[in-house]
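The values are calculated or read from the model by the stated rules, or taken from the named source; none is laboratory data. Computed from a predicted structure; not experimentally measured. So basically every Cβ, Gly included, is an ideal-geometry build from the backbone, and we count neighbours across all protein chains shown. Heavy atoms of the whole protein, side chains included, go into the accessibility calculation; ligands, DNA and RNA do not. Shrake-Rupley method; radii C 1.70, N 1.55, O 1.52, S 1.80 Å.
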Amino acid sequence: MSAAPAQAHPPSRLTLYRQLIRWDRPAGWLLLLWPTLGALWLAADGFPGWHLLAVFTLGTVLMRSAGCCINDVADREFDRHVKRTAQRPVTAGRVSVREALTVGAVLALAAFALVLTTNAPTIALSFPALAIAVAYPYAKRFVSMPQAVLGVAFSFGIPMAFTAVRGGSAWDLAALNTAVPWWAWGLLIGNLFWVLAYDTEYAMVDRDDDLKIGIQTSAITLGRHDVNAVMSFYVLYLLTWGSIGLEQGLGVPFAAGLAAAAVQVAWHHTLIKDRSRDGCFKAFRLNHWVGFAVFAGIVFDLSLH
């Protein structure tokens, strides 16, 4: 009589927590990181210093991880009906709701501790940033294009980068207005279009499942215009950042970074034009290279000044 196969050991709590925060999928936090660091370099007119670089890099990773915890708790009933997300730790019941929220709270508090090492305007901006991040997972119940809410959440590091570099010690609105020029808000709006582009690609992966369970996404709202809309969002992103960068005195290296990003955008069109799940997911997963190209152009350009 043959022996029974050995039972696989259940994953450790640490492994489950790493799955919860998508530790093995760095593309998510890289999508937040590149525009935030780009804004940091622009605000400082060059290298912003190791302290701010560490604060915004670690803070980005921590807040994205905390957002994953909140998102999985909010979407646990929806996720069990979607093949791609059915085995997430909270949805599969391996991590409790209370446990996931505790992990998220600890990560958010760690990020806030980093913010406390900056200045008053940056600390003040961290509160609306957190509120928008918490609200996003619930937006798909009420908003036809919740990706726009995500766009604001994923872009809020831009004005925070400016306040961290240029803000003083005052808590009033005048200090905020002084630290964040109009064109910094323009960068936020431009980045929002990039988020709309790549998160619509992501929504196109799950469109059939989302239609069955009745949630709203940009892929569903845009319908047959989805591919054209995604490409338009990309163009608006590149035009906005390009025009602002050139207006601020950036030159050929920055333009080369924009060109490298544009080549990738053209390639993404070939990936999503047939609306295949694999093609759309690949386009989303590799999108951080678009942001990196723009960031690299900014860094290289300012290093020559």
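Odds and ends about this structure:
- Number of the exception - Thr178 against (1) open to solvent by 50 Å² or more (accessible area, probe 1.4 Å); (2) not in a helix (DSSP H, G or I): (2)
- Count - residues of the stretch 58-102 that are of a type in the set (Gly, Ala, Ser) and buried (at least 21 other Cβ atoms within 10 Å of the Cβ): 5
- Some residue of the stretch 277-286 being aliphatic (A, V, I, L, M), open to solvent by less than 10 Å² (accessible area, probe 1.4 Å) and either on the phi < 0 side of the Ramachandran plot or in contact with a Gly (Cβ under 8 Å, 6 or more places away or on another chain) (or both): yes
- When we screen Val143, Val134 for residues that are touching a helix residue (DSSP H, G or I) at 6+ places or on another chain (Cβ under 9 Å), at pLDDT below 85, open to solvent by 50 Å² or more (accessible area, probe 1.4 Å) and β-branched (Val, Ile, Thr), the only hit is Val143.
- Among the residues of the stretch 249-272, just one is surrounded by 15 or more Cβ atoms within 10 Å (Cβ to Cβ) and not in a helix (DSSP H, G or I), namely Leu250.
- Trp34 aromatic (Phe, Trp, Tyr) and buried (at least 21 other Cβ atoms within 10 Å of the Cβ): yes
- Within the stretch 164-175, tally of residues that are in a loop (DSSP other than H, G, I, E, B) and without any contact (Cβ under 8 Å) to a residue 12 or more places away in the chain: 1
- The residues of the stretch 155-180 that are more than 20 Å from the chain's Cα centre (by Cα) and of a type in the set (Gly, Ala, Ser), listed by number, are Gly167, Gly168, Ser169, Ala170, Ala174, Ala175, Ala179.
- Scope the stretch 279-305; condition among the small types (Gly, Ala, Ser) and touching a residue at least 24 places away in the same chain (Cβ under 8 Å); matching residues: Ala283, Gly291, Ala293, Ala296, Gly297, Ser303
- Scanning the stretch 146-163 for residues that are in contact (Cβ under 8 Å) with a residue 24 or more places away in the chain and either surrounded by fewer than 22 Cβ atoms within 10 Å (Cβ to Cβ) or part of a loop (DSSP other than H, G, I, E, B) (or both) turns up Pro146, Ala148, Val152, Phe156.
- Filter result (more than 19 Å from the chain's Cα centre (by Cα) and not in a loop (DSSP other than H, G, I, E, B)) within the stretch 181-198: Trp182, Trp183
- Checking Trp23 against (1) of a type in the set (A, V, I, L, M, F, W, C); (2) within 20 Å of Gly257 (Cβ to Cβ); (3) modelled with pLDDT under 90, the condition it does not meet: (2)
- If you go through the stretch 110-133 and keep only what is in contact (Cβ under 8 Å) with a residue 40 or more places away in the chain, over 19 Å from Ser65 (Cα atoms) and in a helix (DSSP H, G or I), you end up with Ala120, Pro121, Thr122, Ala124, Leu125.
- Candidates Ile215, Ile244, Ile220, Ile298 - the one that is β-branched (Val, Ile, Thr) and surrounded by 22 or more Cβ atoms within 10 Å (Cβ to Cβ): Ile298
- From Asp45, Asp75, residue being touching a residue at least 12 places away in the same chain (Cβ under 8 Å), acidic (Asp, Glu) and closer than 23 Å to Pro159 by Cα: Asp45
- In the set Ala179, Ala203, Ala197, Ala148, only one residue is of a type in the set (A, V, I, L, M, F, W, C) and within 30 Å of His51 (Cβ to Cβ); that residue is Ala179.
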